[in-house]
Amino acid sequence: MAEGIVWELASKALESLSKAALEEGSSWWGARSDLKKLEDTIRMIQARVRDAERRQEAENNESINLWLSRLKQVLYRADDLFDEIITLDRRNLRMEKSSMAKVFSRSGPIFNIKLAHKVNSIREELNDIKSDMDVLNLKFFPAEELPPLMMRLIKERQTSSFVKTEDIIGRENDTKLIIGMLFDPKCEYNGEGEGEGISVIPIVGFGGLGKTTLAQLVYNDEAVQKHFDVTTWVCVPEVDDQDAVMRRVYQAFTRDKDSGRLLVDEIKRGIRQSINNNKYLLVLDDIWDESRDRWLDLLRLLECGRKGSKVIVTTRSLTVAGVVGTKEATYKLGLLTEEESWNLFKKFAFESGQEERNPDLTRIGKEIVDSCGNVPLAIRVVGSLLYSKYSEKEWERIRNSQLSKAKLKEGDRLMAVLKLSYDYLPPALKQCFAYCSLFPKDYRYEKANLVHLWMAQGYFEPSNNEDIGGQYFSELLGRNLFQDPEQDYRGIETYKMHDLVHDLALFVAGGEIMELQGQDAEDDDEDYMVLVGAGGENIELNEPLIREFRHVRLGVTKGALSDGDDVFKAVTTLLNARRMRSLLFDMGLEQALSLERVVLKCKSLRVLDFSYMEITRIPNSIGKLVHLRYLNLQHTHIECLPDAITKLDNLQTLNIMGCRRLKELPRNFGKLTNLRYLINSKSGLTDLPSGFGKLTCLQELSKFMIGEGNGIDSLPALNLVGNLDIEFNKWGSESVLEAKGANLKNNHQLTCLKFSFNFEMEEAALGEMDKMLMCLQLPPNLEKLEVYLYKGVEMPRRWLDGLDKLISITIRECNNCRVVPHMSRLLHLKYLRLKFLDTLEYVEDDDIWVGNNVYFPSLEGLTLQNLRELKGWTRPSKDDGEPRQLLFPCLLNLEVSECPKLMSMPLAPMLESLEACNIHGTLFESNLTSVVDEEEVYLYKGVEMPRRWLDGLDKLVSINITGCQHCRVVPHMSRLLHLKDLHLEELDTLEYVEDEDDIWVGDSASAAHNVYFPSLEVLTLHYLRELKGWKRPSKDYAEQRQLFPRLLKMDVRACPKLMSMPLAPMLESLKAYFINGKLFESNLASVEDEEEASSSLPQSSSPSSLFTSLKHLEMRWIDDGLVSLRISCRLCNLETLELRHCDQLRSITLGSSAPYRNSILLPSSIRHLNIYYCNRLENISGGNLSVLEKLVIKGSCENLYVEYESPNSIEDLDMGNMSGPETLKISCSKNLEEKKEPGKITRSMWQQLKSLRRLELSSITKLKKIPKGIGCLTTLETLKIWSLSELTQLPEEMGNLSLLKIYDCPKLVLLPQSLLALTSLHSLEIGNCPDLRKRYEKPDGEDCHLIQHIPNVKFYEKLIKYFD
């Protein structure tokens, strides 16, 4: 049990005892004096808890462990009791207001006696615990006097500047970057005017990443030592002892070790004298102090050094980094790469030559390294543990223990280092951190959900004015205990815990948090349950252990339940843990488990999560869960909520998102007065019950529905936070009046608001709808507004006035709307989207803009889509004066589509990306050219776009021209300096992209200094069916082939007439579909590759035209001209080659079929070779594919012959959709005699595949037997067999499989006997094989015992959808 948690429980109990509700309730049953005595006892015990927790950590004293465990159990019971009393008092007050009898008096003397008995029982147990304090010699320590254990631990951790550089792998680039920051004169301190001339560089990362090691490498660099006059190293782990820090700095600068006799002023003077007029480097290692004032005091002391002095700080906390330096200078240290991790592991785990002698240890070692998560310290610790161990079993034991047992011991260096981050947390945060271990590794934590769970457990008190839970999460994030932020599909940011940090959370959680998993026994027929506890080890389920459980996640699969009753019995046994506070279902118990029993057994529950279960109802007994605060029914099949749910007085969070069968909420839903979070998006609700406005604590509401039960005036006031979707499902005569009574304006914390109007109304009432909208005064801090399906004619022009924080506006599918609100004065509006407004003619009124204010001052992104009546941006002025020229000063991205009548737009001088589809030809003609002051204007009338239209727009980064079916000319783009992405699609009459005469005049002086498309990186050409070449042939000059100097990706599809393209020496990825097969012939192979090929390749081909940087090549549906594909051996970077549906292709030559220039055959770089349905392909040859990892061949290639050097690197082999069983012949040039055996794959051929890990055989119609040679594949882990309709037999030997999948093999009736001895097999899946299912499925299959040792066995009635 970790330090601080029991102390926090005692604090919470005392806090509850101080509540007026508890005192009031106790008066009804005469226990006020008992509660006072109970409070005194808890206070006396709490004063000694700190000492007990300290000694538990330091001494691991068993007696103290038991004492703390007993105390914890009693405090949990007390918390339940106090919560129950407070809840009853709340009900009493509510019923008093309803003129009903008091709850306690109505309950009668029997109920009062029960409460008094519970209080006395707890007090007696606490008295016993108190009497044991003297026996254990526990000391009295007020919280403010006891130095936390973390202080004692970090004081013991000392570092120095010494480092063995030969032991360090993978920090070369980090070292260079930090040294660069040291030498950079621009990297100076910039904080509050203090420490001018001093640069502070914080290095941040969690424990074990190597922050100290990186600082040591930088410190000892020869150039660094020469650059500074004075260099010194200080390890400063003290948290708040400023004098101690200064003494250490003094000792480091002066080398005076006897500083204890000096006064503080003498120490400060000594530091100044040591650094005065010197350029120094000071490393402060392991900083924890978050005090800005103390840091500035130290910085003032150091500022007398010469300009250019630097300070490097290492810390785990971003908060500390922000205190000591600037955000820009902070260096966040990352993980090692996979290659660096393996090299580091080899250095510590292998003796000289051991890796080469034992490839099996190498394989196991790589799996162990994967589990270390690329953390240097973890790799070093485990590598050292394995050093001098030669047995595979020893290595496998450590691998199979999931690494945790090897490192989660208190004395281990790794855990001691990681645990420092935990020890420094306040007690409340320790509970929050430990609770995170309830979720599996690699789980993506959503901040809001985690905060709701913490609040449900009482780790902090809810507040309407302060986001305490959010602050807690940010604190853990700032300490690097969360990482890898990503946005999910909803745009919500999620985070992960590093595996090692998760191990730490499991460790400190102890026996309170457990994951239950179902497994099959290896030695008998009995199923059994395991608990995955601290460190990930399996724990036997027993009654004493069950009593310790507080938070449980059930991870039993539905398949495990169907295997027998033992799993079900184990689950129900677990439910005897009556004091459980969290129960999360991650399993298929909906059919087997009675929810009624869950509710009746576990009455202490605060958290209950049924999400994604196939349950259809919630029992009425749920109303008895007095303490329940969090109920998650997300994506269940429930059709209604029981009325009893309204008895859950403490319910704070209800999640019904995705419950599409749920049509209504209980009538008395308004009784849930403590409900704070109602997540109801994507549910089947169309209305909310009357009285919904009584939910005055509600802070988060996904969707508010206006229907028969309530109007917009029922929206709860003042508290709503974040996002709100308001859905109008009816229009009534009182709608305008209801809108006047709505209190949206007072919801100051609402930032995102969406209106949708899902009803039809008569045309005569449309004006009333405009009035209603005007009455809806919007929240003042709104940042995002969306309006959908508005039925009115004119939105209020001044509706958005004053909403200066608005960033994004979307208005769409408002078919009647002719007027939208004025938006030009919104100071922070960045994104505006107007879509499907069928009657809108103008966006703004010209006469609303008066004065010198900036027009749309912050707008960066503008989308206009399907505005078919839109004529212009501003409505013409009524005074018939000259129209004002408007300008978007910050607009970067503009997308206009399906706006055929739009004739004018404001200028956009900063525009970087323009997408235009199906617009009027003159729209951008004057707008854009006038920005660059062009005189020459070419009229575009659907046939020719102006050639010089884009001249001068040097900031353009992306161009997309799509769907201009009659366009024969596009603008010149080769001189756009920053153009990176060009997309041309569906230009049915375009023959050439550029004109040679107009824009590129050979070697003329005017063109000599220009670079052709200087920044282009991505080029997409789709469905340009008349395109013949990139540039139109010159009339006066000889044709010259141009070059894309920076092109990286090219995608060409459905351009059948295209015969030439500019060169692209940097090209890395090429996709070519439906093109002429000769288009890229000279770019892939050269006449110099093979002398015999000279007649078949163009004479113009030369090594300079080759795509020598190409990494990925994909060609599909190429019938014209592609008979033989040759890949030059000069394409030495090519890693992936994929060919699909090239029906004329007969041969593929990789590199050369003969030695190049009489030299040794060059090895190929190809790792993945994928060939699909090239049905006439006969030969693949010519390469030394020494690094090939994956080979896929699918299709009816009846005569295909594959020949190449070194097949032993293949890890993944996939063969399918073949017409015969011997369609693939694998040969090596060293075994030429074997390829003389037609129609046979010999055993030695399979033996060549020494690295094969995955084999898939599919849709080989005549195959009756799997080749016996598969038994030679000792590295094979996965075998997938599907749609082999004639297959009758599997081989007896099957390597060391861990996964076997057999689908749609109806004639297969027996599995090989060798499966009995195949202990490595962990998963067996069988689908649509009726005889196999009948024979092997439990419980009636006659041979089901043959597969009982396999942990995961699944049978499917029908062929499931196949996934790779």
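Things worth noting here:
- With a Förster radius of 22 Å applied to the C-beta separation of LYS393 and GLU1293, the computed FRET efficiency comes to 0.50.
- Within the accessible area of the stretch 664-742 (1.4 Å probe), percent carbon and sulfur: 46
- Amide hydrogen neighbours beyond the local backbone of GLU1256, cut-off 5 Å, H modeled: LEU1213, ASP1214, MET1215, LYS1280
- Sulfur and carbon atoms: percent of accessible area, the stretch 224-306 [1.4 Å]: 39
- In this rough spin-label picture, where each label sits 7 Å from Cα along the Cβ direction, the GLU493-GLN242 distance is 3.3 nm.
- Seen from THR989, the other residues with C-beta closer than 11 Å to its C-beta sum to a net charge of -3, counting Lys and Arg as +1 and Asp and Glu as -1.
- Peptides 1061-1074, 741-754 ranked from most to least packed, by the mean per-residue count of other Cβ atoms within 10 Å: 1061-1074, 741-754.
- Which listed pairs, of LYS694/LYS745; LYS366/LYS389; LYS176/LYS419; LYS663/LYS730; LYS257/LYS307; LYS754/LYS901, have C-alpha distances above 20 Å, in listed order: LYS176/LYS419; LYS257/LYS307; LYS754/LYS901
- The Cβ shell under 12 Å around LEU1315 holds other residues with a net charge of -3, Lys and Arg each +1, Asp and Glu each -1.
- Electrostatic dipole magnitude of the stretch 716-823 [Cβ: Lys, Arg +1; Asp, Glu -1; Cα centre; debye, to 20]: 320
- Using a Förster distance of 22 Å, the FRET efficiency for MET1066-LEU977 (Cβ separation, nearest 0.05): 0.80
- Rounded to 0.05, the FRET efficiency of the GLU944 and ARG1146 pair, given R0 = 51 Å and the Cβ-Cβ distance, is 0.70.
- Mean accessible surface per residue for the stretch 636-691, computed with a 1.4 Å probe while every protein chain stays in place, in Å²: 37
- Accessible-area composition of the stretch 1278-1359, carbon plus sulfur, in percent [1.4 Å probe]: 50
The values are calculated or read from the model by the stated rules, or taken from the named source; none is laboratory data. Predicted model only: the values in this text are computed from it and were never measured. Ideal geometry is used to build each Cβ from the backbone, glycine not excepted, and the neighbour counts take in all protein chains shown. Keep in mind that these areas ignore ligands, DNA and RNA; they rest on the heavy atoms of the full protein, side chains included. Shrake-Rupley method; radii C 1.70, N 1.55, O 1.52, S 1.80 Å.
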